[in-house]
Amino acid sequence: MNDLIIKSGNLVNPGGDISGVHDIYIKDGIIIGIDEDTTKLNSPEIIDAEDCIVCPGLVDLSVRFREPGLEKEATILSESKAAVSSGVTTVCYMPDTQPIIDTPAQIKLVEDIFKTVNLCKVKVLASLTKDLDGNRISPMMELKQAGAIALTNCYNPIKDLLVLRRAMEYASGHEITIFYQPQNNCLANYGCVHEGKISNKLGLPGIPSAAESIAVAEAILLSKLTGVKLHLCRISCLESIMLIKNAHSTGIKVTADVAIHQLFFDENSINNFNNDFHVMPPFRSSEDLAEIRSAISKKIITAICSDHQPHNEDAKQAPFSDSQFGIASIEILFPLIMELVDLNIMDLNTAISKVTSNPAHILGIDTGIIKKGSSADICILKKEDWVFGQEKILSSGKNNPFIGKKFSSRVYKTICEGKIVYEHK
Amino acid sequence: MSENIEIGLDQNIKQSDIVSQKHLRHFLDIENLPKSLILDILDLAESFAGVSGQPVKKVPLLRGKTIVNLFFEASTRTRTTFELAAKRLSADFLNINMDYSATRKGETLLDTLRNLEAMHCDMFIVRHPSSGAAEFISKNVSQNISIINAGDGRHAHPTQAMLDIFTIRKYFPDFKKIKVAIVGDILHSRVARSLMHALRILEVPDIRVIGPKTLLPNGVEHMGVTSYVDMDEGIKGCDVVIMLRLQNERMNSSFIPDEHEYYNLYGFSPKRLDLISKKGIVMHPGPVNRGVEISSEVADGDRSVILQQVSNGIAVRMAILSLSMQP
């Protein structure tokens with residue numbers, strides 16, 4: 001591994017002490033100095049970052065790379081390439097693989113594949129209940145000791161509130177964070193779009209906003225009862241935001257994230273049964289979209305994730321309700337974040353904090369900030385117009401409604417633990 | 001015969017729906033059809049209506065063409081009227097009843113299509129339990145094949161809506177002067193959705209939907225209709241009342257308490273005839289649940305046009321088939 005100097009980049013470093021134009025010195029994968037070469041680098045490679053934004057590598061709170069078990073859809077290798085092309089250096093790995101990640105051995109397997117691929121770092125989330133059955137709590141402490149960063153039941157329902165309470169209590173005792181996907185499945189009732197104008201018009205079974213917000217309310221109140229560190233995943237409607245805001249004002253320390261695509265589309269995009277817009281939770285009304293954009297600009301929702309879900313072609317080749325949900329969006333996560341800045345939804349510093357220091361803080365990991373002594377996970381971004389064309393997609397999943405979109409920024413280099421893992425050529 | 005029909009093109013129509021002034025590419029939905037085209041289809045159907053009364057019930061319009069009924073869901077009326085319509089147009093006709101659960105397990109919908117395409121058919125008439133299935137199929141078949149939507153999930157049943165408005169026009173030639181009510185399970189009804197579009201496009205000034213709140217979609221007013229929970233208030237002064245079939249499975253999933261209460265609140269009983277306009281008619285797309293959504297006296301009475309709807313179905317479907325067949 002070469003020593004590196006990133007010269008004259010404009011450092012955007014939310015939560016860090018240093019920002020503005022600086023040189024960064026990297027040795028053995030560690031940032032050893034900013035503007036000062038403390039140990040005399042050994043014939044370093046110099047990266048000219050003049051006129052570039054230099055920021056911490058992105059921390060993505062939810063990805064599915066499909067391995068093990070669903071390699072026909074995607075692999076850790078293919079999706080890691082896509083991730084680093086968007087500046088992502090740490091991914092949170094969801095446990096709904098085949099088999100499900102509910103044992104220490106499964107965690108180690110995933111970590112080992114990431115080490116072999118050697119592009120970005122992984123934090124594995126393990127299953128909150130055994131086999132994701134929503135009924136028997138998993139061996140949480142064993143999973144934590146094996147490296148699980150948090151526990152989640154993904155989209156699978158928890159049997160009842162008593163199981164959720166017990167899971168939260170047990171996790172709380174061992175200081176384990178729970179990532180909770182709020183959805184009341186009785187109310188969702190096999191729906192596939194937001195219950196509203198479009199579900200009505202297209203005759204597609206709808207999921208009311210209340211299916212999410214009722215689950216949010218239950219989870220918030222149970223987190224107060226149990227003291228668990230609760231993170232709410234993929235918020236999509238304005239009632240949930242109101243509840244989270246209210247929780248914050250009464251001192252309940254719940255955190256929340258939103259999927260990047262939820263900041264760009266509402267239910268109207270589904271018109272004409274376009275399967276690329278089949279996501280979970282569904283795209284909601286234009287009022288919900290406006291409220292989510294407002295909540296992300298404040299401190300109500302502190303993180304944005306890709307919610308990357310690659311599929312092979314067959315998964316989307318069916319009538320809307322029979323097609324698989326999800327978007328393979330990781331490789332445009334950063335360009336889309338910059339688009340939010342261009343749209344004046346957030347300032348640059350806030351926008352970058354949503355994918356770096358804030359998610360790192362939610363996970364309780366020492367990354368997401370550029371500082372002396374920390375791991376050299378860095379993204380360098382250039383202003384440049386480009387079009388996201390189908391032929392350029394690195395992910396195995398081509399299920400992406402952003403294909404054909406013009407962007408004004410692109411990732412120029414990604415550095416993970418001091419190694420250049422992506423270069424735009 | 002279709003060669004003599006001039007179909008006006010509207011600015012709003014989707015390009016994909018129409019290939020020329022005289023042909024539809026597919027017939028999937030009513031929502032985007034221009035008013036002039038809907039009226040042209042009705043006029044053409046009018047000219048076909050006489051064919052069924054002739055000693056030789058055939059016209060040679062689609063001779064040499066092959067039409068396939070591709071039904072992934074059970075149907076009697078729609079399937080047979082399409083079959084008769086195709087045969088009266090002299091087309092070769094094939095009925096394929098797909099077991100939807102079997103296709104779900106193994107062969108995908110696309111595989112099924114590819115196989116049928118390989119048999120060089122010209123048109124598929126598709127019924128499928130998933131909303132958007134006809135649209136999906138139309139995007140995935142080769143250029144020379146037309147798709148007719150015979151009902152997709154809860155989304156659309158455009159030929160049923162066309163035959164309903166054809167029947168209405170027989171009694172009320174001026175759509176701009178009538179009040180129409182649709183009663184029953186609006187939430188799950190593809191017929192209701194297509195009818196709401198058709199009536200709106202034809203500028204019917206007063207369109208009402210009536211049912212318990214569990215069976216009225218949230219925000220149905222976006223479709224340009226007024227909703228009523230009280231049937232007596234809703235049908236008052238209406239010229240056309242379209243009763244929808246109540247599907248039995250709804251009873252067991254807490255949409256309604258029981259048949260008895262449903263009939264009392266939303267069943268078309270003889271005394272409710274007094275509430276509609278003097279010349280008002282009662283319609284039903286079939287099959288009828290007698291004593292649940294409509295009494296036998298009304299269904300078989302002189303205000304009912306239920307059987308005319310069935311016969312009109314053949315002429316209207318002949319018109320749609322002939323306009324949608326690629327040259």
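Using only Cα atoms, what Kirkwood radius does the stretch A:42-165 have, in angstroms?
Across the stretch A:42-165, the inverse of the average 1/r is 15.8 Å.
Note the angle between two axes, namely the Cα long axis of helix A:333-342 and the longest principal axis of the Cα atoms of chain A, as a number of degrees from 0 to 90, rounded to the nearest 10.
Here the helix axis deviates by roughly 90 degrees.
Compute the orientation-averaged projected area for the stretch A:128-229 from the convex hull of its Cα atoms and round it to one decimal in nm².
It is 6.6 nm².
How large is Rg/Rh for the stretch B:124-195, to two decimals, with Cα atoms and a Kirkwood Rh?
That ratio equals 1.07.
From the mean inverse distance of alpha carbon pairs (Kirkwood) and the Cα radius of gyration, derive Rg over Rh for chain A.
Ratio of gyration radius to Kirkwood radius: 0.96.
Going by the alpha-carbon gyration tensor, a ≥ b ≥ c the square roots of its eigenvalues, is the stretch B:254-311 rounded (a/c under 1.5) or, if a/c is not under 1.5, prolate (a/b greater than b/c) versus oblate?
Oblate.
Please arrange B:Ile41, A:Ile304 by how many other C-beta atoms lie within 10 Å of their C-beta, fewest to most.
Exposure proxy ranking, most exposed first: B:Ile41, A:Ile304.
What is the pair-distance distribution P(r) of the protein assembly as shown, computed from all Cα-Cα distances in 10 Å bins starting at 0, with each bin given as a whole percent?
3, 13, 20, 21, 16, 13, 9, 4, 1, 0, 0
Which lysines does A:Lys383 reach when only Cα atoms under 18 Å apart count, and residues fewer than 8 places away in its own chain are ignored?
By straight Cα distance, A:Lys383 reaches A:Lys7, A:Lys405, A:Lys406, A:Lys413, A:Lys425.
So for the pair A:Leu161, A:Val21, with labels modelled 7 Å out along Cα→Cβ, what separation do we get in nm?
Spacing of the two 7 Å Cα→Cβ label points: 5.9 nm.
Based on the alpha carbon coordinates of the stretch B:158-310, what radius of gyration and maximum Cα-Cα distance (Dmax) apply, in Å?
14.0, 41
Rank the residues A:Phe264, A:Phe320 as a footprinting-exposure proxy: fewest other Cβ atoms within 10 Å of their Cβ go first.
Listing A:Phe264, A:Phe320 from fewest to most nearby Cβ atoms yields A:Phe264, A:Phe320.
From the phi of every residue in the stretch B:169-180, what ³J(HN,Hα) in whole Hz does the Karplus formula 6.51 cos²θ - 1.76 cosθ + 1.60 yield, where θ is phi - 60° and glycine or proline is x?
Per-residue couplings from phi come out as 4, 4, 9, 10, x, 9, 5, 6, 10, 10, 10, 10 Hz.
With +1 on each Lys and Arg Cβ and -1 on each Asp and Glu Cβ, and nothing else charged, work out how big the dipole of the protein assembly as shown is about its Cα centre, in Debye to the nearest 20.
Computed charge dipole of the protein assembly as shown: roughly 1320 debye.
B:Lys57: which lysines have alpha carbons under 16 Å from its alpha carbon, excluding same-chain residues fewer than 8 sequence positions away?
B:Lys87
Suppose we take every Cα in the stretch A:327-425 and form the convex hull; what volume per residue is that in Å³?
124 Å³
Convex hull over the alpha-carbon atoms of chain B: what's its volume per residue in Å³?
Per-residue hull volume (Cα only) is 130 Å³.
Sort A:Asp112, A:Asp102 by Cβ crowding within 10 Å, fewest neighbours at the top.
A:Asp112, A:Asp102
Using R₀ = 60 Å, calculate the FRET efficiency as 1/(1 + (r/R₀)^6) where r is the Cβ-Cβ separation of B:Met119 and A:Asn344; round to 0.05.
Approximately 0.60, to the nearest 0.05.
Round to the nearest 0.05 the FRET efficiency obtained for A:Lys419 and B:Asp300 when R0 = 56 Å and r is the Cβ-Cβ distance.
So, using R0 = 56 Å, E works out to roughly 0.10.
Can you compute the FRET efficiency between A:Lys72 and B:Lys176 using 1/(1 + (r/R0)^6), with r the Cβ-Cβ distance and R0 = 56 Å? Round to the nearest 0.05.
Once the sixth-power term is evaluated, E becomes 0.45.
If one takes the longest principal axis of the Cα atoms in chain B, at what angle in degrees, from 0 to 90 and to the nearest 10, does the Cα axis of helix B:190-201 lie?
Approximately 90 degrees, to the nearest 10.
What does the average come to when, for each residue of peptide A:198-211, you count the partner chain Cβ atoms lying within 10 Å of its Cβ?
Averaged over the peptide's residues, the number is 5.
Report the full-extension gain for the segment B:His222 to B:Thr66: residue separation times 0.36 nm, less the Cα-Cα distance, to one decimal in nm.
52.2 nm
Relative contact order for the stretch B:158-310: what is it in percent, counting Cα pairs under 8 Å that are at least 6 residues apart?
Once normalised by length, the contact order is 23 percent.
Please list, by residue number, everything in the stretch A:97-136 whose backbone N is under 20 Å from a paramagnetic label point 7 Å out along Cα→Cβ of A:Asp366.
A:121-124
When Cβ neighbours within 10 Å are restricted to other protein chains, what is their mean count per residue of peptide A:187-197?
Going residue by residue through A:187-197 and averaging, the value is 2.
Figure the gain on full extension for A:Ser8 and A:Glu142 (residue separation times 0.36 nm, minus the Cα-Cα span) and round it to one decimal in nm.
Between A:Ser8 and A:Glu142, full extension yields 43.7 nm more.
Could I have the simple spin-label model distance between A:Ile46 and B:Leu94, label points 7 Å from Cα toward Cβ, reported in nm to one decimal?
With each label placed 7 Å out from Cα toward Cβ, I get 7.3 nm.
Residues in the stretch A:61-76, backbone N under 14 Å from the label point at A:Asp314 (7 Å along the Cα-to-beta-carbon vector): list them, ranges by number please.
Residues A:70-74 fall inside that zone.
Which value at 222 nm does the protein assembly as shown reach when only helices count, each DSSP H run of 4 or more adding -39,500 (n - 2.57), with the total divided by all residues and rounded to the nearest 500 deg cm²/dmol?
-9000 deg cm²/dmol
Rule-based calculations on the coordinates, nothing more; no lab input. Every value quoted in this text rests on a predicted model; they were computed, and no experiment measured them. Glycine also receives a Cβ, built like all others from the backbone with ideal geometry; neighbour counts cover every protein chain displayed.
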